[in-house]
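Undergrad: Handing you a structure now.
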Amino acid sequence: MRIVFCTLASLVLFGAAFSAQARNLTEGELYMCSWGSGIAGGAQASKLSGITRYSARTRLQAHKFPKQWMRVMALRISEQTYDSESRLKPEGVKQVYYDGCIKHELARR
């Protein structure tokens, strides 16, 4: 019982500390991480549903993105997702991507 309580308490504290750090990022950085996590989650959903890499790539290339850098980044995120052997649900992939992106942006500073 103590182990479960200690584990939960440490996760809550880690989450609070992590969210406090994320507030130091700019709106643009938070948007980029959120957008990228959505692309990763969508790519994982496509992969798990049996859509081929070629079809996913073609769909992304036909999509109209509001910013020029988004197409290339979306294609790279999709390629990395398809290369991964992960069978996580798309929500899990989104969270992992978002957390990693936030850590990367904080480390860049």
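No lab work stands behind these numbers, since they all come straight from the coordinates. Here the structure is a predicted model, which is why all the values come from computation and not from measurement. Quick reminder, even Gly has a Cβ in these numbers, built from the backbone with ideal geometry, and neighbours come from all protein chains shown.
Undergrad: I'd like to know which of Ala62, Gln44, Tyr98 lies farthest towards the positive end of the charge dipole of segment 26-108, counting +1 on Cβ of Lys and Arg and -1 on Cβ of Asp and Glu.
TA: Farthest along the dipole direction, towards plus: Ala62.
Undergrad: Under a point-charge model restricted to the Cβ atoms of Lys and Arg (+1) and Asp and Glu (-1), what is the dipole moment magnitude of segment 26-108 relative to its Cα centre, in debye to the nearest 20?
TA: In debye, rounded to 20, segment 26-108 gives about 340.
Undergrad: In addition: Using a 10 Å cut-off on Cβ atoms, rank the peptides 93-103, 59-69 from the highest mean neighbour count down.
TA: Peptide ranking by packing, descending: 93-103, 59-69.
Undergrad: Rank-order 48-58, 26-36 by packing density, defined as the average count of other C-beta atoms within 10 Å over each peptide's residues, highest first.
TA: Numbers: 48-58: 12.5, 26-36: 14.7.
Final packing ranking: 26-36, 48-58.
Undergrad: For segment 57-109, which semi-axes, largest first and in whole Å, follow from the square roots of 5 times the eigenvalues of its Cα gyration tensor?
TA: Taking √(5λ) for each Cα gyration eigenvalue gives 21, 18, 9 Å.
Undergrad: ³J(HN,Hα) across segment 60-72 via Karplus (A = 6.51, B = -1.76, C = 1.60, θ = phi - 60°), whole Hz, x for Gly/Pro?
TA: Whole-Hz 3J(HN,Hα) from phi for segment 60-72: 5, 5, 7, 6, 8, 9, x, 10, 4, 6, 5, 4, 5.
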